[in-house]
Amino acid sequence: MQYDHFSIYGFEVEYPKDWRVKLNPKSEKKTGEVAFHSPESDGMFVFWGVLEDAKKKYASVDEHVERTIEKVEKTRGVKSMDIVERKELEINGHRAISTHLKATFIQATFLRRREVSREVWSFHLYCEQTARYFVLHGSPSSDERSMEQADVFEHMQKTFRCHY
Ligand SMILES: [Zn+2]
């Protein structure tokens, strides 16, 4: 897999060369989001926001992660969010929480209901230097693409820079 360099508003990350980049037009330095999509419709997303706002809501980045998982679990159609792996690591000098989840949701059609599981990778970090929090998360478009997506996530996590 070959990667290209993406940088905006003072943060940077490498993404697969043949993927499409879509910046939310409302994005600004303090808060925003950018999506990266593969030709097969896999997606990786980066969100950023005001660190002070996150700190008002959550006691720590750990709580931020837990609440986010709970929120997704309560989303309509989502049956469960199982934690496959949760680890602490250092990203650009910050303590970050990286999670590998398995989301199970109900796919209902007129004739039948079935359960579908999809893997979700994410990391959360608080950057004091730029007064922002960052979240990167992504999912494959199908189970067959999980291995490749895991590699892409690892690479993006490894090359992520929130400040200099
Ligand atoms: Zn930082």
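Just so you know, all these numbers are worked out from the coordinates, no wet-lab data involved. Keep in mind it's a predicted model, so treat the numbers as computed, not measured. Neighbour counts are summed over all protein chains in view; Cβ atoms, including those assigned to glycine, are modelled from backbone coordinates with ideal geometry.
Computed from label points 7 Å out along Cα-Cβ, the spacing between V72 and A150 is 1.7 nm. Please give the helix 61-73 orientation as an angle from the longest Cα principal axis of the chain, in degrees from 0 to 90, rounded to the nearest 10. Between helix and principal axis, roughly 30 degrees.
Going down the table (K22/K79; K17/K74; K22/K55; K57/K158; K17/K79; K71/K158), which pairs top 31 Å between alpha carbons? Please report the intermediate quantities before stating the final value.
Details: K22/K79 29 Å; K17/K74 35 Å; K22/K55 28 Å; K57/K158 28 Å; K17/K79 34 Å; K71/K158 27 Å.
From K22/K79; K17/K74; K22/K55; K57/K158; K17/K79; K71/K158, over 31 Å: K17/K74; K17/K79.
Subtracting the Cα-Cα distance of E90 and K30 from 0.36 nm times their residue separation leaves 19.4 nm of extension gain.
The sum of -39500 (n - 2.57) across all DSSP H runs of n ≥ 4, divided by the residue count of the chain, sets its helix-only mean residue ellipticity at 222 nm to -6500 deg cm²/dmol. Could you work out how far helix 146-159 tilts from the main Cα principal axis of the chain, as a 0 to 90 degree angle to the nearest 10? Once rounded, the angle reads 10 degrees.
Using Cα pairs under 8 angstrom and six or more residues apart, how large is the relative contact order of segment 3-159, in percent?
Values: 294 pairs, mean separation 33.8, N = 157.
Worked out over segment 3-159, it gives 22 percent.
Legend: calculated FRET efficiency, S60 to E12, from the Cβ-Cβ distance at R0 = 22 Å, rounded to 0.05, equals 0.30. So the label point goes 7 Å from the Cα of K22 along Cα→C-beta, right? Which residues of segment 119-136 then have their backbone N under 12 Å from it? Hits in segment 119-136 for K22 at 12 Å: none. Across segment 49-121, the relative contact order, built from alpha-carbon pairs under 8 Å that are at least six residues apart, equals 22 percent.
How big is Rg to Rh over the chain, alpha-carbon atoms, Rh as the Kirkwood inverse-mean-distance radius? Mind dumping the intermediate values first?
On the way: Rg = 16.0 Å, Rh = 16.6 Å.
Looking at the chain, the ratio lands at 0.97.
Counting only other residues whose beta carbon sits under 10 Å from that of E148, what net charge do I get with K and R as +1, D and E as -1?
Around E148, the charge tally is -3.
If we sort 111-122, 18-29 on the protection proxy, mean other Cβ atoms within 10 Å, highest first, what's the order?
Values: 111-122: 13.6, 18-29: 12.1.
Ranked from most to least packed, the peptides come out as 111-122, 18-29.
Could you please report the charge total around A96, scoring K, R as +1 and D, E as -1 over all other residues with beta-carbon less than 12 angstrom from its beta-carbon?
Numbers: positive: R86, K87, R95, K158; negative: D62, E88, E90.
Surrounding charge for A96 is +1.
Centroid-to-centroid, using Cα positions, segment 87-164 and segment 5-68 are 11 Å apart.
Summing charges over neighbours of H64, with a neighbour being any other residue whose Cβ is under 10 Å away from its Cβ, gives 0 when K and R count +1 and D and E count -1.
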